[in-house]
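Notes follow the structure.
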Amino acid sequence: MSAARDAASAFGQDFRAVNYPKVGASWLVSEQGFFPQTDAISSLRFRATYGASGQIPGTTDALRFLSPFGTTISGTADQPGVSIGSLGNAVLKPEYSAELEGGFDLNMFNGRSNFEVTYYNKNTTDALIERRIAPSIAGVTSRFENIGNVRNSGIELVYNQKVVDRPALGLDFVVTGSTNKNELV
């Protein structure tokens, strides 16, 4: 179990810090007294994890600032001027992703065959999206905003079979597969 706390000047002035907790556990069922001892199943482990993470906005995405430029006025070259460099966003905050993952690892025939199954479900809130703005609003064409949520889920499968396992030669056969579903909510 662990936790992280992020605070950054890249956040808008109305947002201070964010917490990212993490916790995981596994249970080696095959070491329990009730588990049948066979040559076919060497070990069986169930596992689950919950964790949160985030994406911090760019260093100047929340700031409103002016950009200098040189201009020519009435034939006089290189007169100083300024334009709006960024509209900023005082309420900008980081993306927040929370993921729940679970599965099992099955080791068979003294490690010659291994099978892993993992299911994951990740939800991201306050997605950082570059929103287009009409240039007539001040010459600025975009700014970052926290818009929308994203849901991501799927299953991952791995099968590993040792075909040849000798001191001078080894040959493994590995098959992997996965599904993935992304949904903008």
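The values are calculated or read from the model by the stated rules, or taken from the named source; none is laboratory data. Small disclaimer: the values here were computed from a predicted structure and weren't measured. With ideal geometry, Cβ positions are generated from the backbone for all residues, glycine too; neighbour counts draw on all protein chains shown. Accessible surface is based on the protein model in full, side chains and every heavy atom, while ligands, DNA and RNA are left aside. Shrake-Rupley method; radii C 1.70, N 1.55, O 1.52, S 1.80 Å.
Brief remarks on what is shown
- PHE35 meets all of the listed conditions (1) out of contact with any strand residue (DSSP E or B) (no Cβ under 8 Å at 6 or more places or on another chain); (2) modelled with pLDDT of 85 or more but one, namely (1).
- Flag: LEU171 does not match the condition of being under 21 Å from SER26 (Cα atoms) and among the aliphatic types (A, V, I, L, M).
- Taken over the stretch 1-25, the criterion of being open to solvent by 80 Å² or more (accessible area, probe 1.4 Å) and assigned to a loop (DSSP other than H, G, I, E, B) is satisfied by MET1, SER9, GLN13, ASP14, ARG16.
- Residue within the stretch 69-82 that is in contact (Cβ under 8 Å) with a residue 40 or more places away in the chain, part of a strand (DSSP E or B) and polar (S, T, N, Q) present: no
- From the list GLU116, GLU183, GLU145, GLU156, the one residue that fits, being in a strand (DSSP E or B) and within 30 Å of GLY88 (Cβ to Cβ), is GLU145.
- Criterion (more than 30 Å from VAL150 (Cβ to Cβ), open to solvent by less than 70 Å² (accessible area, probe 1.4 Å) and in contact (Cβ under 8 Å) with a residue 40 or more places away in the chain) met by exactly one of LEU28, LEU44: LEU44
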